[in-house]
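The values are calculated or read from the model by the stated rules, or taken from the named source; none is laboratory data. Computed from a predicted model, the values in this text were never measured in an experiment. A quick note on method: Cβ atoms are made from the backbone with ideal geometry, for glycine too, and the neighbour counts reach across all protein chains shown.
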Amino acid sequence: MNNTTNPYEKIPVKVFNNSRCASVWIAGEIGQIIKQKQAQQLPCVLGLATGSTPIQVYKELIRLHKEEGLSFQNVITFNLDEYFPIPKESLHSYYHFMHENLFNHVDIKKENIHIPDGTLIKEQIEDFCQYYENLILEKGGLDFQLLGIGSTGHIGFNEPGSSINSKTRLITLDRKTRADASSSFYGIENVPKYAITMGIGTILQAKKIIIAAFTEGKQKIASTVIEGAISSQYPATFLQNHKNTLFVLERASAQGLTRFQAPWLLEAQGLKGELQIKYDLSTAKKGVIWLSQKVGKPILRLQQEDYEDNGLLELITQIGQGNCGIVNLTVFRELSQIITGWPAGGRPDKLPESYFTQKKAISKQKIIIFSPHPDDDVICMGGTMKKLTNQGHEVHVVYMVSGNLAVFDFDALRFADVLKETQKMIGGNGEEFYEKVKKQIKEKKLGEVDGPDLAYIKTVIRRTEARSAALCTGVEEQNIHFLDLPFYETGKSTKKPLGDEDKKIVKDIILKIQPDQIYAAGDLTDPHGTHRVCLESILAVLPQVKEQLPNLNTLLYRGAWQEWELDKVTMAVPLSPDELYEKRIAIFKHQSQKDRPMFPGSDSREFWQRSESRNKETAKLFTNLGFVNYEALECFVSLDVLLLLGEL
Ligand code: F6R
C-alpha cells in the first residue's frame with residue numbers, strides 16, 4: 001500500500017524484504033538518472049551520503065559500472081558532510097569512506113568529486129560553506145540526493161534544532177550521534193565533536209530524494225519521521241514537505257509503522273478493501289496485546305466496546321464468532337502456555353523435594369547455547385542457563401568469535417603484567433611477552449590492528465572471563481567451546497564476509513554434540529553486526545544437519561541490545577529474585593566489559609543493567625496483561641516462528 005491510501009504515512013514509503021534488495025533497487029534508480037542525463041548529454045549532479053546504510057548501494061553501483069557498463073563520466077557528486085577536524089587520510093574521514101566504497105572503483109572524474117573539507121582552519125569554514133552552496137547551484141542543483149538517517153533524526157549532520165532553511169555550515173554533533181559512532185572510533189572520546197554538513201534547505205532543493213533506513217535499530221526513528229508531526233526536533237520530518245521524496249525501508253526497519261504495528265487501525269479508517277486482515281492466532285495475539293496495553297486493561301477484562309473503538313471488531317468476528325470473551329480466553333491461554341520454568345521440557349508432575357539441589361533431568365537433553373561474543377550467553381539467558389544445568393541437562397556453550405576487539409589496551413597490559421609476575425615464580429618468559437605487549441600498544445595508532453601478542457592476550461582475557469561465567473551457571477568445563485570464527489579475526493571493526501570455513505566450523509560442532517535444542521542470539525543490533533553474521537552461519541548450516549537431527553528445536557534469545565516483541569515470544573522463563581541476582585554475578589565475570597565497555601552503542605547502561613531491566617520489564621508487561629506478578633522473565637522465540645513470519 002502506498003501512502004496515498006495510508007493517512008498515517010506522510011512520506012511515500014517502499015518496503016523491501018531485506019536491505020540487499022532495497023539497495024539494489026536504489027542503485028538501479030540512481031543508474032537510471034545517470035543514464036537519462038547521459039542521453040540528454042547533461043551532467044548528473046548527485047548528493048551522496050556515507051555511513052552503514054549506503055554501503056550496499058555503492059557496491060551495486062560499482063557492479064553496474066563493472067558488469068553493465070554504467071559510466072560515471074558525466075556524474076558530479078556532492079557529499080552531505082564530513083567530520084571536523086579530520087585529515088583526509090584518516091580511516092574515519094568521509095573522504096576516505098567515499099573513495100574506498102565508491103570513487104576508486106568507478107570512472108568518475110576526480111575534479112567532479114566534492115566533499116566538505118575537514119582539514120580547513122576554523123576561520124575558513126564560513127567561506128568554504130558559501131562556496132559549496134554556490135558550487136551546487138552552479139552545477140545546476142542536485143538532481144538526486146541519497147540520505148541515511150541518524151538515531152537523532154538527523155539527515156546529513158543536521159542535528160535536532162536545525163532549521164528548515166539551514167545551509168551548509170559547521171555543526172556541533174549531538175552526544176547521541178557521537179555515541180552511535182563511538183564503536184567505529186573505539187570510544188566516544190575519539191569521535192570528532194563537529195562536522196561540516198549541507199543544511200536542510202540545501203537538501204530540500206534536490207529534485208529527487210531517497211532516504212533509506214535499514215535494521216531494527218532504525219524502526220523507531222523511521223516511524224517517527226514518516227508518521228509524526230513536522231518538527232525541528234526530528235530534522236528528517238522536514239522531508240514531509242518535499243514533493244519527491246521516497247523512504248526506503250526493509251522489513252525490520254519498517255516494523256514501527258502503523259501498517260505493521262496495528263494494521264487494524266487502517267482497516268478502521270475505511271481502507272478495508274485494501275487491507276482485509278485475515279486473523280490467525282498470531283495476529284489475534286498481536287491485536288489483543290496491543291489493545292490491552294492501549295486501553296490499560298488486563299486481557300480478561302477487555303470488553304466488546306474496547307475492540308469496537310479500536311478497529312478490532314473484525315478480530316472478534318473472525319476468531320471469537322462475534323464473542324469477545326472467546327478471543328480474550330483464547331489469547332490468554334495461548335500466552336499462559338509460553339511461560340515455563342522447564343525450558344528443555346520434562347516438567348515433573350510434582351516438585352521433588354530435592355529439586356533445587358539434585359541434578360536429575362526428567363529426560364536429559366543435549367543443548368547448545370551459541371554465544372556470538374563471549375558474554376552474550378549470560379547477559380541474555382544466564383537465568384535459563386542455570387535452570388538448564390540445574391535440571392540435569394547436558395549444556396554446551398559455544399562461543400563463536402573471540403571478541404578480542406572489545407578489550408581495552410590497559411587491561412591487556414595488566415594481564416601481561418600478571419603473567420610476568422607469575423612467571424617470576426613458575427618460570428617462563430613473562431618479561432619478554434610483557435615488553436612485546438607494551439611495545440605493540442605504544443606503536444599502534446587509532447583504529448590500527450593490534451599486534452599478535454596484544455591480540456592474543458585480549459582473546460585470552462575474554463576466553464577466561466567466558467569460562468568463569470559459564471562455570472558460574474553450572475556448565476561443565478569440558479562443555480565450554482571456543483570457535484574463534486575466522487570472519488571476525490580482521491582485527492578491525494569491519495569484518496570479512498561469512499565464509500565456507502566459518503560455516504564448516506559451526507557445522508562440525510553441531511554434529512559433534514548432536515543437540516536436541518539450540519539457543520542462538522537473535523539480538524541483531526549489536527554495533528558491528530557480528531550477531532547477524534553468527535546467526536547467518538547457524539541458519540546456513542541447520543538445513544545441512546536436518547537429516548541427522550530431525551527433532552532439533554532452535555530458539556533465539558535477546559537481551560543485550562533489544563528485547564523480543566511479546567506477541568512473537570514462544571517461551572518465557574521466569575526468574576526468581578535470587579536467580580536474577582545469580583545471573584548478575586555471572587555477567588560480572590566479564591570484567592573487561594564492566595563499568596564501561598569498549599563498544600556500548602548509544603545505551604549508557606551497563607550490560608547487566610540492560611538485561612535486568614529488560615527481564616523485569618517483560619515481567620511487568622505480563623503482569624499488566626493479567627498474569628502472575630513475576631520478578632523477571634527471559635524470553636525466547638522459536639526459529640520456526642520467525643521463519644514463518646518471514647522475519648529472517
Ligand atoms: C552520513 C550522514 C548521516 C548518516 C546517518 C546514518 O553522510 O549524513 O546522516 O546517513 O547518521 O548513518 P548509518 O547509515 O551509519 O546508520
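Some notes on this structure:
- Residue under evaluation residue 70, criteria (1) among the aliphatic types (A, V, I, L, M); (2) within 16 Å of residue 248 (Cα to Cα); (3) not in a strand (DSSP E or B), criterion not met: (2)
- Sole residue being within 15 Å of the ligand (Cβ to nearest atom), outside any helix (DSSP H, G or I), hydrophobic (A, V, I, L, M, F, W, C) and more than 16 Å from residue 151 (Cβ to Cβ), chosen from 196, 164, 211, 203: 196
- Residue among 370, 410 that is over 25 Å from residue 637 (Cβ atoms) and either under 32 Å from the mean Cα position of the chain (by Cα) or of a type outside the set (D, E, K, R) (or both): 410
- Scanning segment 519-547 for residues that are part of a helix (DSSP H, G or I) and crowded, with 21+ Cβ neighbours inside 10 Å gives 530, 531, 533, 534, 535, 537, 538.
- Only residues that are away from the ligand (no atom under 13 Å from the Cβ), of a type outside the set (Phe, Trp, Tyr) and over 28 Å from the mean Cα position of the chain (by Cα) were counted across segment 64-123, and they come to 33.
- When each of 574, 550 is tested for being buried (at least 20 other Cβ atoms within 10 Å of the Cβ), more than 25 Å from the chain's Cα centre (by Cα) and outside any helix (DSSP H, G or I), the lone residue that passes is 574.
- Qualifying residue in segment 232-251 (condition: more than 13 Å from the ligand (Cβ to nearest atom), touching a helix residue (DSSP H, G or I) at 6+ places or on another chain (Cβ under 6 Å), under 24 Å from residue 139 (Cα atoms) and among the polar types (S, T, N, Q)): yes
- Taking every residue in segment 434-447 that is within 24 Å of residue 91 (Cβ to Cβ) and pairing it with any residue that is exposed (fewer than 14 other Cβ atoms within 10 Å of the Cβ), at least 6 positions away or on another chain, the pairs with Cβ-Cβ distances below 9 Å are 440/452; 441/410.
- Comparison of 496, 504 shows that the only residue that is modelled with pLDDT under 95, more than 30 Å from residue 583 (Cα to Cα) and not hydrophobic (A, V, I, L, M, F, W, C) is 496.
- Check on residue 380, modelled with pLDDT of 95 or more, farther than 22 Å from residue 633 by Cα and buried (at least 16 other Cβ atoms within 10 Å of the Cβ): no
- Unique match (being within 16 Å of the ligand (Cβ to nearest atom), over 21 Å from residue 206 (Cβ atoms) and buried (at least 18 other Cβ atoms within 10 Å of the Cβ)) among 23, 52, 19: 19
- Here the condition is being away from the ligand (no atom under 14 Å from the Cβ) and either at pLDDT 95 or above or not aromatic (Phe, Trp, Tyr) (or both); of 134, 158, it holds for 134 alone.
- Cβ separations smaller than 8 Å between residues 6+ apart or across chains give the following pairs from segment 283-295 residues that are modelled with pLDDT under 95 to residues that are crowded, with 18+ Cβ neighbours inside 10 Å and part of a helix (DSSP H, G or I): 283/315.
- Which numbered condition residue 618 misses (of (1) under 26 Å from residue 576 (Cβ atoms); (2) at pLDDT below 95; (3) β-branched (Val, Ile, Thr)): (2)
- Segment 167-193, residues that are outside any helix (DSSP H, G or I) and either under 25 Å from the mean Cα position of the chain (by Cα) or within 10 Å of the ligand (Cβ to nearest atom) (or both): 173, 174, 186, 187, 191, 192, 193
- One residue stands out in segment 173-208 among those that are within 25 Å of residue 241 (Cβ to Cβ) and hydroxyl-bearing (Ser, Thr, Tyr): the one that is modelled with the lowest pLDDT, namely 177.
- Scan of segment 38-49 for residues that are more than 19 Å from residue 214 (Cα to Cα) and either surrounded by fewer than 19 Cβ atoms within 10 Å (Cβ to Cβ) or touching a Leu at 6+ places or on another chain (Cβ under 9 Å) (or both), ordered by number: 38, 39, 40, 41, 42, 43, 45, 46, 47
- Some residue of segment 628-647 being on the phi < 0 side of the Ramachandran plot, out of contact with any Lys or Arg (no Cβ under 6 Å at 6 or more places or on another chain), assigned to a helix (DSSP H, G or I) and among the charged types (D, E, K, R): yes
- No other residue among 86, 125, 121 is farther than 20 Å from residue 147 by Cβ, of a type outside the set (D, E, K, R) and without any contact (Cβ under 8 Å) to a residue 60 or more places away in the chain apart from 121.
- Note on segment 374-401: residues that are touching a Cys at 6+ places or on another chain (Cβ under 9 Å) and part of a loop (DSSP other than H, G, I, E, B) total 2.
- Tally of residues being of a type in the set (A, V, I, L, M), in contact with a helix residue (DSSP H, G or I) (Cβ under 6 Å, 6 or more places away or on another chain) and part of a helix (DSSP H, G or I) across segment 577-613: 2
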